[in-house]
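Engineer: Quick one: this structure, given as C-alpha cells, is what I'll be asking you about.
The values are calculated or read from the model by the stated rules, or taken from the named source; none is laboratory data. Predicted, not measured: the structure shown is a model, and the values here were computed from it. Glycine gets a Cβ as well: all are built from the backbone with ideal geometry, and neighbour counts include every protein chain shown. Just so you know, the surface numbers come from the protein's heavy atoms only, side chains and all, with ligands and any DNA or RNA stripped out. Shrake-Rupley method; radii C 1.70, N 1.55, O 1.52, S 1.80 Å.
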Amino acid sequence: MKVRISHCSDSVENYNLCIQNKVAGFTNRGPQPGDLIYLVVKIGKQSLCGARFILDEPTDYKPWPDADNYVNTLTIKNIEYCSPFDIGILSQAGGKYWALKYVQGSKPIIYETAI
C-alpha cells in the first residue's frame, strides 16, 4: 500500500463527485488498488483535506465533467471523513517545494515524517 494525495484543484464539484460516486480518477497510471488516498480541494488559498479512502477496483465509470482527463479510475472503499485541514503542514516535512514532492501527479509519499 502506498500513500498518495489526490488533489481536485479548485473543483469542489469533482471532490464531491468522488465521494458521492465512490470513485477516484487520476491523470496517470501510478495509483493502484490498495493505495491510501487523501482527497484534497483548494478553497481560497488553502488546500484542504476532508476525507481519505482506499482504492479498490479499476472501473470505466467517470462521473466528472472533465472525464477525458482521467486515464486511471478506481472505485473507493473505507471512506473516512474528518474536519477539513490544510495540507500546507506538509511543508514542515518537505520544505519549500513540498507540493512537488507530495501532490503533483499523485506521487507516492515515501517520507515517513510526511505520512
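Engineer: Over the chain, with a Gaussian network built from C-alpha contacts below 10 Å, which listed residue (Pro65, Pro84, Pro33) shows the highest mean-square fluctuation?
Structural biologist: Pro65
Engineer: Now for a different question. Can you tell me how the stretch 1-65 classifies by the Cα gyration tensor, rounded, prolate or oblate, using a/c under 1.5 as the rounded cut? Spell out each step's value before the answer.
Structural biologist: On the way: a/c = 1.91, a/b = 1.32, b/c = 1.44.
Verdict is oblate for the stretch 1-65.
Engineer: Please state the charge dipole magnitude for the chain, taken about the Cα centre, from unit charges on C-beta atoms (+1 on K and R, -1 on D and E), reported in debye and rounded to the nearest 20.
Structural biologist: Numbers: 12 positive and 11 negative charges, 70 e Å.
Rounded to the nearest 20 debye, it is 340 debye.
Engineer: Also, I was wondering about something else. Probe radius 1.4 Å, ligands and nucleic acids left out: which of Arg29, Arg4, Arg52 has the largest accessible area, and how do the rest follow? Display every interim value, and only then the final one.
Structural biologist: On the way: Arg29 155, Arg4 10, Arg52 75 Å².
Putting Arg29, Arg4, Arg52 in descending order of accessible area: Arg29, Arg52, Arg4.
Engineer: For Leu39, what accessible surface area do you get with a 1.4 Å probe? Give it in Å², rounded to 10.
Structural biologist: Surface accessible to solvent at Leu39 totals approximately 0 Å².
Engineer: Show Asp66, Asp60, Asp10 ordered by accessible area, largest first, where the area counts protein heavy atoms only and the probe is 1.4 Å. Don't skip to the end; give the middle numbers.
Structural biologist: Numbers: Asp66 55, Asp60 145, Asp10 110 Å².
Most to least solvent-accessible, the answer reads Asp60, Asp10, Asp66.
Engineer: What residue among Gly95, Gly30, Gly105 has the largest mean-square fluctuation in a Gaussian network model of the chain, using Cα springs under 10 Å?
Structural biologist: Gly95
Engineer: Which net charge results for the neighbourhood of Asp66, defined as the other residues with beta-carbon distances under 14 angstrom from its beta-carbon, given Lys and Arg at +1 and Asp and Glu at -1? Intermediate values should be presented prior to the final figure.
Structural biologist: On the way: positive: Lys62; negative: Asp10, Glu13, Asp68.
With Lys, Arg at +1 and Asp, Glu at -1, the neighbours total -2.
Engineer: Something else about it: Whose amide H sits under 5 Å from the amide H of Cys8, counting only residues 5 or more places off or on another chain, with H placed in the peptide plane?
Structural biologist: Amide H neighbours of Cys8, under 5 Å, 5+ apart: Val40, Val41, Lys42.
Engineer: Continuing with the same structure: Obtain the nm distance between the two label points defined at Asn69 and Arg29 by a simple spin-label model: each point lies 7 Å from its Cα along the Cα-to-C-beta direction.
Structural biologist: With each label placed 7 Å out from Cα toward Cβ, I get 2.2 nm.
Engineer: What are the ³J(HN,Hα) values, in whole Hz, obtained from phi via the Karplus relation 6.51 cos²θ - 1.76 cosθ + 1.60 with θ = phi - 60°, for each residue of the stretch 40-51 in sequence order, with x given for Gly and Pro?
Structural biologist: 10, 9, 8, 10, x, 9, 10, 9, 10, 9, x, 7
Engineer: Note down the nm distance, to one decimal, between modelled labels 7 Å out along Cα→Cβ at Asp56 and at Lys77.
Structural biologist: Between Asp56 and Lys77, the label points sit 0.6 nm apart.
Engineer: Can you tell me the orientation of helix 12-21 relative to the chain, as the angle in degrees between its alpha-carbon axis and the longest Cα principal axis, to the nearest 10?
Structural biologist: The helix 12-21 is inclined about 50 degrees to the chain.
Engineer: A further question follows. By accessible area of protein heavy atoms, probe 1.4 Å, what ranking do Tyr61, Tyr97, Tyr70, Tyr102 get, highest first? Provide the component values of the computation, followed by the final result.
Structural biologist: Values: Tyr61 110, Tyr97 135, Tyr70 35, Tyr102 0 Å².
Per-residue accessible area, sorted high to low, gives Tyr97, Tyr61, Tyr70, Tyr102.
Engineer: Based on the alpha-carbon gyration tensor of the chain and its eigenvalue square roots a ≥ b ≥ c, which shape applies: rounded if a/c is under 1.5, prolate if not and a/b is larger than b/c, or oblate?
Structural biologist: Working: a/c = 1.62, a/b = 1.37, b/c = 1.19.
Here the chain falls in the prolate category.
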